[in-house]
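In what follows, a structure is listed as structure tokens, so that the remarks can point back to it.
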């Protein structure tokens, strides 16, 4: 190589180029620099955009919070006002009720409305003495008011003994809310609060379920098909036909896979009790989407296993099946691992096929035979409403990007390792 | 065959039933492998049969939600699913899909080829890995993320561009936005195919050109590119196929016009895929089934595109490698 290049170098340097030639060459080369720089610029601006818009929204709370808000109401068994010391670490904009020992500040909920956010509770605050006030089995069971919820209303007794309410229902700012309680009340009766919502816990769970189910279906079929094609199939027209058919799946747009899922596999999931698009349907569909990838990756892994290993096993009297399971597959394991990582990356990024087969309604407690959204579909879902929610969409995008990029880098590393192993 | 000369015979030690069992397992698994292979191959056929069947249904007599006119579907220039009775004409959608994919490839193709040439032939070795990674990362970004980027950034860019010309847009949703988005999305596809094609060009061709007195840049542009052109055009076709089939990202910025075709770059548009995704609520009825019909049209376009790879390879030729 180096000899080649040195030769080339000498040729082009010693050749006397005219000024015109030189300038034309310069312009041409300049355009290649420009193109490559443009690619870097586009990648950079996507990253900057997503991280800038989404970084603020991305937090642990977002990951653990439900998407839909849930309303709660509690009555208090200890209603008396106490005397609490203002904590030292009060943040700017945070207000502390000295009578009831809790702190609030301004926050926003999933619908981007301003709310009164409960930020802290003192240890013996009456807020710990809540009992469920909603009719049902759990009525009058103790229910501690958690922090990080939206305080809709606190009903209190004023000096005249009348019951009044304070909070969001009276359009109080956090400051007015705390001042009203501390100045007018003698005790608190009940409280209405709701979770903030806008979280992605449900989508994360659905994504994990989808990944598990999909791999459960696509891996055995894909690996077995690859084994058939590489180890068993005779070289004839029929095998060629199978290969071409599998390759043709690669060119099918993913949205058509969505149509396919509904047209072919929906009856199968209906047998499991599904009445709507569901996670199982999404998994079967994704398994078909991933088949060509799994088969190709596995075959490539099988190719790297040296033939002498197979011959050794066969000559010792093992059957072909024994050889495949005990000798070939264990040696092809890193390649199969690559195909799993590639599959996971595809599942996380896929949206069009899943919009058809799993629906776009964000569900907090996904079930295998019910609607759900993956992270990618939740991005689409919050973007395609009347008011696109860029903050949430970009925050989820950060997560998706990080996962997908980490997977891709690990695939690269494993492949490099694999190539090294058999070259030695 | 050895005779029974000694007391000891190794055959007595061989348990025939175990061998038979092993052979039976061997056969069973071979059948399972075969079934897996056939099942995988069957999928593409099932897709054609089932999606095709469901998509044709609305045009057949006796269709439960009212038979549609196939001619009107194929030539119609209006798509109003909100009217009663709804009007489904897909011709302008096909035209708009072709326009946006065509514009995208006009923008993306030269940039992709030049980038590939830069990566393989011009960039210093140390930078090569970096730029290859950039292309790979662009390929790995999921399409929804591209969609969010387009809805947040490209729309604004297009909007200010329109204002510069004294035109207005629907908040940046436009044919141009779709084309720019698609140009970005097919860039890694074309580039990686072009990289492979350029890297496979025979070194001797280059040396020959250099020996004849061409400069290195002349060789790169005239010899290397034309030797690699069949691979490069295959990449272009692959990119076009991706542009036709791209759904979620496009549907975020298309705007879904009701009539067309849209010739104005700053006007909203409607592609086959954005039609299939817009207002998806019920999972039955005419409005749902007609999406399968649109799906067939999309499949046919993608198929024609893919088959033309073979044609292009034959007619353009290029120089066979090695």
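The values are calculated or read from the model by the stated rules, or taken from the named source; none is laboratory data. Just so it is clear, the model here is predicted, and its values are computed rather than measured. Every residue, glycine as well, gets a Cβ built from its backbone with ideal geometry; the counts of neighbours run over all protein chains shown.
Find the residue count for segment B:49-78, including only residues that are in contact with a helix residue (DSSP H, G or I) (Cβ under 8 Å, 6 or more places away or on another chain) and within 27 Å of residue A:264 (Cα to Cα).
Final tally of qualifying residues: 19.
Would you check which residues across segment A:313-333 are surrounded by fewer than 16 Cβ atoms within 10 Å (Cβ to Cβ) and over 37 Å from the mean Cα position of the chain (by Cα) and list them? Walk me through it before giving the result.
Filtering segment A:313-333 down to residues surrounded by fewer than 16 Cβ atoms within 10 Å (Cβ to Cβ) leaves A:314-317, A:325-326, A:330, A:333.
If the condition is that a residue be surrounded by fewer than 16 Cβ atoms within 10 Å (Cβ to Cβ) and over 37 Å from the mean Cα position of the chain (by Cα), then A:314, A:315, A:316, A:317 are the ones that fit.
Condition (residue is surrounded by fewer than 23 Cβ atoms within 10 Å (Cβ to Cβ), assigned to a helix (DSSP H, G or I) and more than 10 Å from chain A (Cβ to nearest Cβ)) applied to segment B:143-153: is it met by at least one residue?
no
Taking the stated definitions as given, is residue B:62 assigned to a loop (DSSP other than H, G, I, E, B) and over 24 Å from residue B:280 (Cα atoms)?
When the stated conditions are applied, residue B:62 passes them.
Residue B:300 fails exactly one of the following numbered conditions: (1) under 18 Å from the mean Cα position of the chain (by Cα); (2) more than 22 Å from residue A:388 (Cα to Cα); (3) touching a residue at least 24 places away in the same chain (Cβ under 8 Å). What is the number of that condition?
Residue B:300 satisfies every listed condition except (3).
Would you pick out the residues in segment B:103-127 that are within 19 Å of residue B:264 (Cβ to Cβ) and either free of Cβ contacts under 8 Å to residues at least 24 places away in the same chain or at the interface with chain A (Cβ under 10 Å from one of its Cβ atoms) (or both)? If you could, list the steps in order and put the result at the bottom.
Start the filter on segment B:103-127 by keeping residues that are within 19 Å of residue B:264 (Cβ to Cβ), which leaves B:103-104, B:106-107.
Once the filter is applied, which keeps residues that are within 19 Å of residue B:264 (Cβ to Cβ) and either free of Cβ contacts under 8 Å to residues at least 24 places away in the same chain or at the interface with chain A (Cβ under 10 Å from one of its Cβ atoms) (or both), segment B:103-127 yields only B:106.
Regarding segment B:38-55, can at least one residue be identified that is buried (at least 21 other Cβ atoms within 10 Å of the Cβ) and more than 10 Å from every other protein chain (Cβ to nearest Cβ)?
no
Looking at segment B:166-188 only, could you name the residues that are touching a residue at least 40 places away in the same chain (Cβ under 8 Å) and in a loop (DSSP other than H, G, I, E, B)? Quick ask: steps written out before the conclusion?
Keep residues of segment B:166-188 that are touching a residue at least 40 places away in the same chain (Cβ under 8 Å), which gives B:167-170, B:172-188.
The answer is B:167, B:168, B:169, B:172, B:174.
Quick check on this structure: which one of B:91, B:200, B:150 is farther than 24 Å from residue B:272 by Cα and in the same structural domain as residue B:232 (by TED's automatic domain parsing)? Break it down stepwise before answering.
Values: B:91 fails: farther than 24 Å from residue B:272 by Cα; B:150 fails: farther than 24 Å from residue B:272 by Cα.
Every option except B:200 fails the conditions.
Please go through segment B:209-224 and pick out each residue that is in a helix (DSSP H, G or I) and either at positive phi or within 11 Å of chain A (Cβ to nearest Cβ) (or both).
First pass over segment B:209-224, keeping only residues in a helix (DSSP H, G or I): B:209-211, B:216-224.
Residues satisfying the conditions are B:209, B:210, B:211, B:216, B:217, B:218, B:219, B:220, B:221, B:222.
Need a quick list: strands (runs of 3 or more DSSP E) entirely within segment A:117-166 having at least 1 residues that are touching a helix residue (DSSP H, G or I) at 6+ places or on another chain (Cβ under 6 Å) and surrounded by 12 or more Cβ atoms within 10 Å (Cβ to Cβ).
Numbers: elements: A:130-132, A:149-158, A:163-166.
Passing ranges, in order: A:149-158, A:163-166.
Hey, any hits in segment A:322-345 for a residue that's more than 30 Å from residue B:235 (Cα to Cα), within 11 Å of chain B (Cβ to nearest Cβ) and at pLDDT below 90? So that I can check it myself, show each step before the final result.
Step one: of segment A:322-345, the residues more than 30 Å from residue B:235 (Cα to Cα) are A:322-333.
Still in the list and also within 11 Å of chain B (Cβ to nearest Cβ): A:322-325.
Add one more test, that the residue is at pLDDT below 90, and what stays is none.
No - not one qualifying residue is present in segment A:322-345.
Of the residues A:336, A:348, only one is assigned to a helix (DSSP H, G or I) and within 15 Å of the chain's Cα centre (by Cα); which?
Numbers: A:336 fails: within 15 Å of the chain's Cα centre (by Cα).
Just a single option satisfies the conditions, and that option is A:348.
Can we say residue A:260 is crowded, with 24+ Cβ neighbours inside 10 Å, within 8 Å of chain B (Cβ to nearest Cβ), within 26 Å of residue B:302 (Cβ to Cβ) and out of contact with any strand residue (DSSP E or B) (no Cβ under 8 Å at 6 or more places or on another chain)?
Values: crowded, with 24+ Cβ neighbours inside 10 Å: yes; within 8 Å of chain B (Cβ to nearest Cβ): yes; within 26 Å of residue B:302 (Cβ to Cβ): yes; out of contact with any strand residue (DSSP E or B) (no Cβ under 8 Å at 6 or more places or on another chain): yes.
So residue A:260 fits the description; yes.
Do we find a residue being free of Cβ contacts under 8 Å to residues at least 24 places away in the same chain, more than 10 Å from chain B (Cβ to nearest Cβ) and either buried (at least 20 other Cβ atoms within 10 Å of the Cβ) or in a helix (DSSP H, G or I) (or both) anywhere in segment A:386-408?
Among the residues of segment A:386-408, at least one is free of Cβ contacts under 8 Å to residues at least 24 places away in the same chain, more than 10 Å from chain B (Cβ to nearest Cβ) and either buried (at least 20 other Cβ atoms within 10 Å of the Cβ) or in a helix (DSSP H, G or I) (or both), which makes the answer yes.
Residue A:68 passes all but one of (1) farther than 30 Å from residue A:372 by Cα; (2) part of a loop (DSSP other than H, G, I, E, B); which number fails?
(1)
Counting just the residues of segment A:223-238 that are more than 8 Å from chain B (Cβ to nearest Cβ) and over 19 Å from residue A:331 (Cβ atoms), which one comes out surrounded by the most Cβ atoms within 10 Å (Cβ to Cβ)?
Checking each candidate, the answer is A:238.
(1) within 10 Å of chain B (Cβ to nearest Cβ); (2) under 26 Å from residue A:288 (Cβ atoms); (3) at pLDDT below 90: which one isn't true of residue A:382, the others all being true?
For residue A:382, the exception is condition (2).
Tell me whether segment B:189-200 contains one or more residues that are in a helix (DSSP H, G or I), more than 14 Å from chain A (Cβ to nearest Cβ) and out of contact with any helix residue (DSSP H, G or I) (no Cβ under 8 Å at 6 or more places or on another chain). Don't jump to the end; show me each part of the working.
First, pick out the residues of segment B:189-200 that are in a helix (DSSP H, G or I): B:189-199.
Next cut, more than 14 Å from chain A (Cβ to nearest Cβ) only: B:196-197.
Next, only the ones that are out of contact with any helix residue (DSSP H, G or I) (no Cβ under 8 Å at 6 or more places or on another chain) stay: none.
Scanning segment B:189-200, I find no residue that is in a helix (DSSP H, G or I), more than 14 Å from chain A (Cβ to nearest Cβ) and out of contact with any helix residue (DSSP H, G or I) (no Cβ under 8 Å at 6 or more places or on another chain), so the answer is no.
Would you confirm whether any residue within segment A:74-83 is more than 30 Å from residue A:373 (Cα to Cα), touching a helix residue (DSSP H, G or I) at 6+ places or on another chain (Cβ under 6 Å) and exposed (fewer than 14 other Cβ atoms within 10 Å of the Cβ)?
Within segment A:74-83, one or more residues are more than 30 Å from residue A:373 (Cα to Cα), touching a helix residue (DSSP H, G or I) at 6+ places or on another chain (Cβ under 6 Å) and exposed (fewer than 14 other Cβ atoms within 10 Å of the Cβ).
Consider segment B:244-266. How many of its residues are free of Cβ contacts under 8 Å to residues at least 24 places away in the same chain and at the interface with chain A (Cβ under 8 Å from one of its Cβ atoms)?
The qualifying residues number 0.
Just one of A:267, A:253 is surrounded by fewer than 21 Cβ atoms within 10 Å (Cβ to Cβ) and either modelled with pLDDT under 90 or under 30 Å from the mean Cα position of the chain (by Cα) (or both); which is it? Give the derivation first.
Working: A:253 fails: surrounded by fewer than 21 Cβ atoms within 10 Å (Cβ to Cβ).
Step by step, each of A:267, A:253 is checked, and only A:267 is surrounded by fewer than 21 Cβ atoms within 10 Å (Cβ to Cβ) and either modelled with pLDDT under 90 or under 30 Å from the mean Cα position of the chain (by Cα) (or both).
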